[in-house]
Structures are given as C-alpha cells and as structure tokens.
Amino acid sequence: MKLAELHAIAQAMVQPGKGILAADESAGTIKKRFDAIGVASTEQSRRDYREMLFRSSAAMQGCISGVILYDETIWQDAADGTPLIKLIEQAGSIPGIKVDEGTQPLPCCPGETITIGLDRLAERLARYYERGARFAKWRAVIDIGDGIPSYAAIHTNAHALARYAALCQAAQIVPIVEPEVLMDGGHDIDRCYEVTEFVLKETFQELYYQKVALEGMILKPNMAVAGKKAAKQAGIAEVAEKTVKLLKACVPAAVPGIAFLSGGQSDQDATAHLDAMNKIGGLPWHLTFSYGRALQAAPQKAWAGQAANVAAGQAAFSHRARMNALASRGQWDAALESKAA
Ligand code: 13P
C-alpha cells in the first residue's frame with residue numbers, strides 16, 4: 001500500500017468547496033427514482049441520465065471532486081462512444097465505484113441486515129482500478145426500531161466495513177466507509193445520536209483491529225437527526241451542534257474528511273445542515289457532502305427523461321451542486337436558493 005498516494009486522493013475528495021456526487025444507485029433504486037418521474041429504466045435511459053450529469057461542466061469542474069458509479073455505469077459509453085468514466089476524468093473529478101452487493105437478512109436478527117460482497121472483492125477491485133476507479137464505497141445499514149439495532153448487527157456490519165476497507169487499501173483504492181443509521185423511524189434526535197455513536201465507535205475499533213490506515217480513507221456517516229416519522233423534528237442548529245459533538249467524540253483526527261450522506265433529508269435541509277456545521281468550524285477534518293438524493297432529485301424532475309430537457313436538468317444539478325459547494329465552506333445562505341433558482 002502506498003499510503004501517501006491514498007492520502008492525496010482522500011484529501012482531493014474532500015477539498016474545501018467541493019464534494020462527491022453519489023450516482024451509484026443500484027438497478028432497483030434507479031428504477032424507483034425513474035418510476036417517480038415516469039421514465040422507463042433501461043440501459044439507455046440510465047446512460048442518458050448519467051451522461052447528462054457528467055456533462056454538466058459547471059457543476060463537475062467547479063463543485064464535484066468525485067463521482068461514485070455503479071458497476072453498469074463504469075463500463076458504459078456515452079452516446080458518442082466516449083467511456084462515461086472519461087467524462088468524469090476530463091472534468092477533473094475522480095471516479096469511484098460502489099463495491100458492496102446490497103444487503104441480506106442477518107440470521108437470528110429479525111429486521112436487521114448485513115451488507116454482502118466481500119467474496120472475490122480483491123479481484124473486482126483490481127479490475128476497477130485498471131478501469132480508473134481511485135476510490136470505492138461500501139454501505140452498511142443500521143435501522144432503529146423496537147429492540148434494534150442489536151449488537152450483533154452493529155458488530156457484524158462494522159467488521160465487514162473494515163474487511164472491505166483493508167481490501168481497498170491493499171488494491172490502492174481509497175475506501176469510503178459508510179455506516180448509515182437510517183432516519184426512517186419515529187425516534188428522536190437523541191436516540192439517533194446514541195445509536196450512531198455506538199456504530200461509529202464499533203466501526204473505528206474494527207478499522208483499527210484490521211490495520212486500516214485512517215489517513216487513507218473517508219467516512220460517510222449520517223447526521224444526527226430525528227426519524228422522519230418523529231412528531232418533533234430537530235432544527236438546523238440542533239442537528240449541526242449534535243452532529244459535530246458526535247463526530248468529535250468518535251472520529252479520529254487522522255481521518256482526512258467526512259462526506260455525509262443525505263439519507264432522505266430534503267435538498268435544502270441537507271445543504272443547510274452541512275453549512276451550519278462548517279460555520280461552527282475549528283474541526284480536525286474537512287466536512288463535505290456525498291449526496292445522492294439531495295443532489296439528484298431536482299435534476300431528475302427537470303429532465304423527466306426528455307432530451308429537450310437536458311439543459312434544464314443540468315441547470316438544476318449545477319444549482320444544487322453550487323449550493324452544497326458553498327455549504328462545504330460554510331458560505332451558503334438560504335437567500336441564494338431563490339435568487340439562483
Ligand atoms: P443519499 O444521499 O440519497 O442518502 O445517498 C447517498 C449514498 O450514497 C447512500 O449510500
């Protein structure tokens with residue numbers, strides 16, 4: 001492992017003023033997104049949609065440090081025959097790849113899952129590196145509910161995350177370590193805090209046991225938020241303060257950066273939360289975004305599968321990317337949303 005190179009890539013991924021586009025929806029997830037805008041999910045429609053994003057030069061050159069791809073996309077060509085991965089590289093952005101293979105029920109733990117994909121991961125990583133991927137992503141999912149999460153689910157998922165991260169570094173690929181505590185339930189922000197704290201402590205313990213170099217990885221966590229079904233939602237300032245406190249308690253300063261998932265937050269909430277944390281400042285790591293839904297909901301709606309709407313889709317994507325880029329510096333303001341919309 002050449003740690004200096006991994007560190008340089010990790011630093012570039014979280015450089016101030018830029019963040020990561022998570023465009024790695026699985027076939028099932030992108031179908032759900034396309035269903036919502038009335039677009040059939042075919043190999044070509046998925047290609048056309050992602051090509052539109054990767055050719056959004058203002059966003060890609062100015063605001064997006066890296067793009068997480070799905071396996072299908074990394075091997076796909078644009079309409080003119082240029083590999084999609086080249087479009088990303090030409091924009092000065094770093095290509096990455098989702099390498100987990102989704103979740104399966106965790107035996108003896110009703111309602112809980114384990115993320116799979118470790119078998120033959122070393123060979124897959126070598127192929128992705130050769131194709132140009134310089135970072136990877138693995139998402140562990142922890143749900144909050146009656147009697148869950150169990151320690152078995154937290155530990156098993158943390159162990160798998162560390163196994164994945166060690167394999168990535170051995171393949172000269174920066175691992176994005178993503179332990180996602182879902183915001184689907186009716187729990188309050190303090191319950192989310194408590195569960196996320198346990199999950200992060202366990203994850204860093206496993207990373208240590210498995211000799212993962214923290215300087216050559218990125219953490220992708222959820223923020224401390226109330227569940228979507230909770231009667232009482234936390235305000236922007238509370239989310240920012242509690243998330244910063246949580247991360248300070250759990251994430252070693254050797255980690256170059258933290259790139260949040262949006263997890264079902266509204267576009268503007270995801271931006272406002274990131275901005276408020278960066279306004280607090282004085283943190284040992286760079287804080288930025290690695291959003292899927294919060295970057296893509298607006299462009300998906302504007303595009304709606306029509307070639308005639310490509311410019312509108314790109315404008316919507318560029319706007320959200322710029323708002324989040326400002327938030328990564330703590331320079332966003334809600335007034336900028338309406339002005340530029
Ligand atoms: P969301 O921002 O839509 O949560 O997606 C980010 C991601 O990559 C989840 O794995």
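In plain terms, if you count all Cα to Cα distances in segment 227-268 and split them into 10 Å steps from zero, the share in each step is 21, 50, 25, 4 percent.
Remind me, relative contact order of segment 1-132 in percent, using alpha carbon pairs under 8 angstrom and six or more residues apart? Let's see the in-between values first.
Values: 147 pairs, mean separation 27.4, N = 132.
Normalised by residue count, the contact order of segment 1-132 is 21 percent.
Take the Cβ atoms of residue 77 and residue 42, set R0 to 22 Å, and the FRET efficiency comes out at 0.90.
Applying a DSSP loop filter and a limit of 14 other Cβ atoms within 10 Å to the trypsin sites (Lys or Arg not before Pro) in segment 125-221 leaves 211.
Below 8 Å between Cα atoms, with a sequence gap of 6+, how large is the relative contact order for the chain in percent?
Values: 700 pairs, mean separation 66.7, N = 341.
Relative CO of the chain lands at 20 percent.
Phi-derived couplings, Karplus 6.51 cos²θ - 1.76 cosθ + 1.60 at θ = phi - 60°, listed residue by residue for segment 94-110: 9, x, x, 9, 6, 10, 6, 10, x, 10, 9, x, 8, x, 6, 10, x Hz, with x used for Gly and Pro.
The calculated FRET efficiency for the pair residue 15 and residue 108, based on their C-beta separation and a Förster distance of 30 Å, comes to about 0.10.
Report the local net charge at residue 304: Lys and Arg +1, Asp and Glu -1, summed over other residues whose C-beta lies under 15 Å from its C-beta.
Surrounding charge for residue 304 is +1.
In terms of the mean number of neighbouring beta-carbon atoms within 10 Å, the peptides 62-69, 94-101, 141-148, 250-257 order highest first as 62-69, 94-101, 250-257, 141-148. Using every pair of distinct Cα positions in the chain, the Kirkwood expression returns a hydrodynamic radius of 19.9 angstrom.
Could you tell me what a quarter of the Cα convex hull surface of segment 230-326 works out to, in nm² with one decimal place? Before the final figure, lay out the partial values.
Numbers: hull surface 28.9 nm².
Seen from a random direction, the Cα hull of segment 230-326 projects 7.2 nm² on average.
Put simply, the amide H of residue 148, placed in the peptide plane, has no neighbours under 5 Å, leaving out anything fewer than 5 places away on its chain.
For segment 142-149, the Karplus equation 6.51 cos²θ - 1.76 cosθ + 1.60, evaluated at θ = phi - 60°, returns couplings of 10, 9, 10, x, 5, x, 10, x Hz by residue, with Gly and Pro reported as x.
Note on the chain: dipole from Cβ charges, positive end direction compared against 314, 109, 258; the farthest Cα belongs to 314.
What length, rounded to one decimal in nm, is gained on full extension from residue 120 through to residue 238, with 0.36 nm per residue of separation minus their alpha-carbon distance? Don't skip to the answer; put the middle values down first.
Numbers: separation 118, 0.36 × 118 = 42.48 nm, distance 4.28 nm.
Result for the pair: 38.2 nm of gain on full extension.
Between the beta carbons of residue 266 and residue 131, assuming R0 = 35 Å, the FRET efficiency works out to 0.50 to the nearest 0.05.
For segment 58-217, the share of alpha carbon pairs falling in successive 10 Å distance bins from zero is 10, 35, 31, 19, 5, 0 percent. Take 300-309, 177-186 and order them by the average number of nearby Cβ atoms within 10 Å per residue, most first; the result is 177-186, 300-309. Pairs with C-alpha atoms separated by more than 22 Å, drawn from the list 18/279; 31/301; 137/211; 220/279; 220/301; 232/279, are 220/301; 232/279. Distance from a point 7 Å along Cα→Cβ of residue 215 to each backbone N in segment 7-22: keep the residues under 20 Å and list them by number. Inside the label zone: 7-16.
No lab work stands behind these numbers, since they all come straight from the coordinates. Quick caveat, the model's predicted, so the values are computed rather than measured. Glycine also receives a Cβ, built like all others from the backbone with ideal geometry; neighbour counts cover every protein chain displayed.
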